[in-house]
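Worksheet for the structure shown next.
Laboratory data are not the source of any read-out in this text; all were calculated from the coordinates shown. Note that the coordinates shown come from a computational prediction; the quantities given were computed from them, not determined experimentally. Here the Cβ positions follow ideal geometry from the backbone for every residue, glycine too, while neighbour counts run over all protein chains shown.
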Amino acid sequence: MQVAVYGRNFPSYARENIATMFSKFNMLNVDVWVFKPLFEFLQKKTGLRPRVAGFFTSHEDLPEGIDFLFSLGGDGTFLETVNLVREQGIPVLGVNIGRLGFLSYISQENMEESLESVFSGRYDIEERMLLKVEVPGADLNGQDVALNEVRIYKSSGSLITIHVKVNSEFLSSYWADGLLLSTPTGSTAYNLSVGGPIVVPESNSFILSPIAPHNLTVRPLVLPDNAVLQLSVDSRDPQFQLAIDSRTIDLDADTTVTLSKAGYSLKMIRIENISFYSTLRNKLMWGADKRN
C-alpha cells in the first residue's frame with residue numbers, strides 16, 4: 001500500500017498524534033510519500049524523522065498508485081488537496097489539527113481508533129461535487145475547480161452589480177458586496193456565514209447566495225447541479241475579485257465567469273459510524289445547551 005501525506009506547519013500539541021500516525025504506517029509496511037515542506041518542518045521543528053519512500057511538492061510529482069492521501073491540518077489545508085489529486089481519484093482523508101475541521105473525519109481524540117478503521121477497511125468513500133471555473137483569457141494555472149465555493153467580490157469599498165444568467169436565461173442582477181456559489185460541501189462554510197442553507201452532501205445542487213446585498217428582498221437560491229451560470233460584473237473599479245476556494249485572482253470588470261459542475265469529483269474517506277449528521281451535531285454543536 002502507498003499513502004501520501006500533505007500538510008504544512010502544525011501546533012506542538014499535535015506532535016504525539018502525528019508520530020503515532022507515522023508509527024502506524026511503519027508497522028503496516030506502508031510506503032509513505034510526504035509533501036517535502038512538511039517533512040522539513042517535521043525534522044526541524046518537531047524532531048520527527050519518519051521513514052518515507054519519497055517526496056512530492058505538487059500535482060506533477062505526486063506518484064502514481066497512491067491509495068490514500070492524508071491531509072494534516074484544518075479545512076483550509078484540506079481544500080488545497082483538491083488541486084493535488086485533481087482527476088486522479090485518490091481518496092482523501094482529513095486529519096484535523098486545526099480548529100473546526102468540518103472536512104476532517106479524524107480528530108486528535110480518535111486518532112488511533114480511526115487509523116485502525118481505515119487500514120481495516122471500515123470506511124466509506126463519499127463523492128463530493130466540484131465546481132468548475134472558466135474565464136476566457138485568464139490563466140488559472142490548472143487550479144480551476146473548487147470544493148467549497150466560488151466567490152465574486154468587490155475590489156474596493158464600492159458595491160458591485162453582478163448579472164447572473166442560468167442556462168443562458170437571465171436570472172437577476174445582484175447589487176451587493178459579492179456573490180457566492182457553493183457546493184453542498186461548502187454549504188457549511190462561507191455560505192453558512194452569509195445566511196445560506198445547509199445542504200447535505202448527497203444533494204445534487206448548488207447554492208447561490210448574495211454577500212451583503214443592498215436589496216433586502218434578495219435571498220439565497222438552490223439550483224440543480226446541471227445548471228450552467230454566467231456571471232458578469234458592473235463596477236466603478238476596473239477590476240473585481242474571483243476566489244476559487246481560498247485562491248484569489250483579480251479580473252477585469254468586463255470579464256464573464258462561467259461556473260458549472262466539474263467533470264470529476266473529490267473522493268473523501270468517511271470513517272465508519274461517523275455521518276454528516278453527527279458531524280453537524282459535534283462541530284456546530286447542534287442541540288447543545290448549557291442548561292442540560
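Taking N as the number of residues in segment 208-292, what is its alpha-carbon radius of gyration divided by 2.2 N^0.38 Å? Let's see the in-between values first.
Values: Rg = 18.9 Å, N = 85, 2.2 N^0.38 = 11.9 Å.
Dividing the Cα Rg of segment 208-292 by 2.2 N^0.38 Å gives 1.58.
Say the dipole of the chain comes from +1 at the beta carbon of Lys and Arg and -1 at that of Asp and Glu; which of ASN29, THR161, SER172 then lies farthest toward its positive end?
The residue sitting farthest along the positive end of the dipole is ASN29.
How far apart, in nm, are two points set 7 Å out from the Cα along the Cα-to-Cβ line at HIS163 and at ILE125?
4.4
For the pair THR20/GLU40, report the inter-label distance in nm, with labels modelled 7 Å from Cα in the Cβ direction.
Taking the simple label geometry, THR20 and GLU40 are separated by 3.0 nm.
For the chain, modelled as a GNM with alpha-carbon contacts under 10 angstrom, which of SER187, SER114, SER168 fluctuates the most?
Among SER187, SER114, SER168, the largest mean-square fluctuation in the Gaussian network model of the chain belongs to SER168.
Give, rounded to the nearest 20 debye, the magnitude of the charge dipole that the chain has about its Cα centre when Lys and Arg contribute +1 at Cβ and Asp and Glu contribute -1 at Cβ.
It comes to approximately 880 debye.
Under a straight-distance cross-link criterion of Cα-Cα below 16 Å, which aspartates and glutamates are reachable from LYS283, leaving out those fewer than 8 residues away in the same chain?
ASP75, GLU109
Determine the sum of side-chain charges near GLU127: Lys and Arg each +1, Asp and Glu each -1, restricted to other residues whose C-beta is under 14 angstrom from that of GLU127. All intermediate terms of the calculation are to be shown ahead of the outcome.
Details: positive: ARG128, LYS261, LYS267, ARG270; negative: GLU87, ASP124, GLU126, GLU202, ASP225.
For residues surrounding GLU127, the net value is -1.
Can you tell me what the convex hull of the Cα atoms of segment 90-247 projects to on average, as an area in nm²? Walk me through the numbers before you get to the answer.
Numbers: hull surface 44.7 nm².
If you wrap the Cα atoms of segment 90-247 in a convex hull and average its projections, you get 11.2 nm².
Take the chain, compute every pairwise Cα distance, and split them into 5 Å bins from 0; I just need the percent in each bin.
1, 5, 12, 15, 17, 14, 12, 10, 7, 5, 2, 0, 0
Check the straight Cα-Cα distances from LYS267 and name the lysines below 17 Å, setting aside those fewer than 8 residues away within the same chain.
List returned: LYS132.
Enumerate the aspartates and glutamates that LYS45 could reach by cross-link, defined here as Cα to Cα under 15 Å, with residues fewer than 8 away along the same chain left out.
Cross-link targets: GLU16.
How would ARG219, ARG128 line up from fewest to most surrounding beta-carbon atoms within 10 angstrom?
On the way: ARG219 12, ARG128 20.
Ascending number of Cβ neighbours within 10 Å: ARG219, ARG128.
Can you tell me what share of the DSSP beta bridges in the chain is antiparallel? A percent to the nearest 5 is fine. Don't skip to the answer; put the middle values down first.
Working: 53 of 72 bridges.
Of all bridge pairs located within the chain, approximately 75 percent are antiparallel.
Suppose every K and R has +1 on its Cβ and every D and E has -1 on its Cβ; what is the size of the dipole of segment 14-119 about the Cα centre, in Debye to the nearest 20? Please report the intermediate quantities before stating the final value.
On the way: 9 positive and 14 negative charges, 97 e Å.
The dipole of segment 14-119 has a size of about 460 debye.
Hey, rough spin-label estimate for ARG49 and SER203, points 7 angstrom out along Cα→Cβ, what's it come to in nanometres?
About 5.2 nm separates the two model spin labels.
Could you tell me which trypsin sites (Lys or Arg not before Pro) in segment 192-292 are loop residues by DSSP with no more than 10 other beta carbons within 10 angstrom of their beta carbon?
Working: sites: ARG236, ARG247, LYS261, LYS267, ARG270, ARG281, LYS283, LYS290, ARG291; in loops: ARG236, LYS290, ARG291.
Answer in residue order: LYS290, ARG291.
Determine, at each q value in 0.18 (inverse angstroms), the log₁₀ of I(q)/I(0) that the Debye formula gives when each Cα of segment 1-144 is one equal point scatterer.
These q points yield log10 I(q)/I(0) values of -1.09.
222 nm [θ] for the chain, helices only, -39500 (n - 2.57) per DSSP H run of 4+, per residue, to 500? Provide the component values of the computation, followed by the final result.
On the way: 7 runs with 50 residues, N = 292.
Estimated from H runs of four or more residues: -4500 deg cm²/dmol.
Would you order TRP175, TRP286 from fewest to most other beta-carbon atoms within 10 Å of each residue's own beta-carbon? Kindly include the intermediate steps, with their values, before the conclusion.
Working: TRP175 15, TRP286 12.
In increasing order of surrounding Cβ atoms, one gets TRP286, TRP175.
Over the chain, what is the relative contact order in whole percent, taking alpha-carbon pairs under 8 Å and six or more residues apart?
Working: 613 pairs, mean separation 52.4, N = 292.
Result for the chain is 18 percent.
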